[in-house]
Each structure stands twice: as C-alpha cells, then as structure tokens.
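What follows is calculated from the coordinates using simple rules that are stated; it is not laboratory data. Just so it is clear, the model here is predicted, and its values are computed rather than measured. Note that we place each Cβ from the backbone using ideal geometry, even for glycine, and neighbour counts take in every protein chain shown.
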Amino acid sequence: MIGPITISVISISRGKVNRLSRAGVRDSKLLTGKKRMFLYDEIQSLAEEVLTYSITNSEINQAMSNHISINELEALNFAKLIDSMESKPSTVFLDSPDVISERFGLRVGFFSQKRLLASGMKRGKKSAEEDVIKVISEHKADSRYPVVSGASIIAKVERDREIQRIADRSGLDIGSGYPSDSYTVSAIREDLGRGRLAPYLRERWQTIKAIRQLRMEEFLG
C-alpha cells in the first residue's frame, strides 16, 4: 500500500550459478533482513550485471487510473530493464505475477526491443538463432532458479531501504508497507487527514479504500 514496486534483473554466467546456491541465495521471502543484506553484496560481486528500477506509487496510481494493470506495468518495466542491459543473455527467467504464467513472458516479449522468444510466440523467418533470447516465465521462479532468487533479494533490499526513507520522512512506524502488515494499516489509519503519507500511497489499492471507508463510517457513527 505504501511505496514503490521494486523490480530487478541480474545477469550471471552459467558457471557461477552454483556459487549463488552455495552462498545461500534463495527466495527473498524466506530470508531474514540481515541475511538479505549479506547476500546483496555477494550477488553484486558474482553477477555480470545488476539493474534495478522502482515503479513509484505515482506511476502505479497513474497506470491504474488509465486502466493499466499492475501486471502490464511490471511487464513494461521488466522489458525496459532487459533492453538496457549491456550483457546479452541466452535465456531470461521471469517470476510471473500473472495467473497465467506464460502470459507475463509474452507481455515482456511484446514490450521489449530485443528478440525475446517466450512460449507461445512465433519466431520470424528472418530471425537468426543467435539473435533470439529464450524467455522462461513461471510461477514461483524465485524459489526454483537461483538467478531469480538473486534478483528478488536485490529488489527486496532496495525496496526496504526506500520504505525506511519514507518512515524517516513521515516520522511514522509504517512497518513493511504491505496490506498484511498491521503496523502499515495502523499508520495509514492514524495519518488520514494529516497527509504525511499521502505522497507515498498507492491510492487505488482496495485496502486503502477500505481503510478510508471504515474510518468514515466510524466518524459518521
């Protein structure tokens, strides 16, 4: 409900993938904050390239007001990150947020300027084999592929840093910023009408609408 959606891509040679696993890289949600911070530096040292982008709450609000889904917004920005990579991967592994995992890969391929070939896409007759980058888009890819686990750790650390900056600026204990966090919900409820968190809210999130509705009912009651 608060802050950006942070996404990350990392590029690593096949020979170093096992070193990610040996270092303890796995799904960022299964690691403590301290362990993620340690692995953040390890991943940076092992990877050929690390790129991160934070989709701000303002971008999210604007997209949703224009009826652009969060999945589309993520796919567009993943495509931009992949396009900006200096290294050229042979395969791109994506952790799909879409209920149909392959559809997310198709969207990224559609938005990208590179020759990404996701499942379901037809290869053009003039596309040379060496120009094509294979796309594997799966649910829970961050628990299956170390390279995706590494990217999830990078993104999580960067987002946590931004959440801490928001907490410092607002002077509020906002917790993690997620709807399931009682500290986040309490902070938003307490700040309604004050505006300290207003610059950082994902205004069109259903949970925020529910908090405002409940608060209005309490006021009228």
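Side notes on the structure shown:
- Count of lysine pairs in the chain with Cα separation under 18 Å (8 or more residues apart, or interchain): 18
- Compared with the dominant principal axis of the Cα atoms in the chain, helix 70-84 is inclined by about 50°.
- Using the Cβ-Cβ distance between Ser186 and Val132 with R0 set to 41 Å, the FRET efficiency from 1/(1 + (r/R0)^6) comes to roughly 0.25.
- Pairs of Cα atoms in the chain fall into 10 Å distance bins, from 0 up to the last occupied one, in shares of 8, 29, 32, 20, 8, 2, 0 percent.
- Projected label points at Arg115 and Ala198, each 7 Å from Cα along the beta carbon direction, are separated by 5.2 nanometres.
- Top of Val108, Val25, Val135 by mean-square fluctuation, Gaussian network on the chain, Cα under 10 Å: Val135
- Within a Gaussian network of the chain (alpha carbon springs, distance under 10 Å), most fluctuating of Asp41, Asp95, Asp160: Asp41
- Stokes-Einstein D in µm²/s, Kirkwood radius over Cα pairs - the stretch 61-100 at 25 °C with 0.890 mPa s viscosity: 209 µm²/s
- Under the combined filter of DSSP loop state and at most 12 neighbouring Cβ atoms within 10 Å, the stretch 146-219 retains these trypsin sites (Lys or Arg not before Pro): Arg194.
- Over the residues of the chain, the helix contribution to mean residue ellipticity at 222 nm works out to -15500 deg cm²/dmol, using -39500 (n - 2.57) for each DSSP H run of at least 4.
- The value of relative contact order for the stretch 5-163, using C-alpha pairs under 8 Å at least six residues apart, is 35 percent.
- Binned Cα-Cα distances of the stretch 5-118, short to long, each 10 Å bin given as a whole percent: 12, 39, 36, 12, 1
- Using a Gaussian network model of the chain in which every pair of alpha carbons under 10 angstrom is joined by a spring, one finds that among Gly195, Gly171, Gly15 the greatest mean-square fluctuation is at Gly15.
- Sparsely packed chymotrypsin sites (Phe, Trp or Tyr not before Pro) within the stretch 1-68, loop by DSSP, other Cβ within 10 Å at most 11: none
- Of Ile154, Ser13, Gly24, farthest towards positive along the dipole that unit charges on Lys, Arg, Asp, Glu beta carbons give the chain: Ser13
- Built from the Cα atoms of the stretch 172-220, the convex hull projects on average onto 3.2 nm², one quarter of its surface area.
- Residue (of Val92, Phe38, Ile2) at the positive-pole extreme of the stretch 1-135, dipole from beta-carbon charges: Val92
- Placing +1 on the Cβ of every Lys and Arg and -1 on the Cβ of every Asp and Glu, with nothing else charged, gives the chain a dipole about its Cα centre of roughly 420 debye.
- Full-stretch length increase - Ile68, Ser90 - with 0.36 nm per residue and alpha-carbon distance subtracted: 4.9 nm
- Mean separation of Cα contacts under 8 Å (6+ apart) over length of the stretch 172-220, as relative contact order %: 26 percent
- Beta-bridge orientation, the chain: approximately 50 percent antiparallel, per DSSP, counting only bridges with both partners inside.
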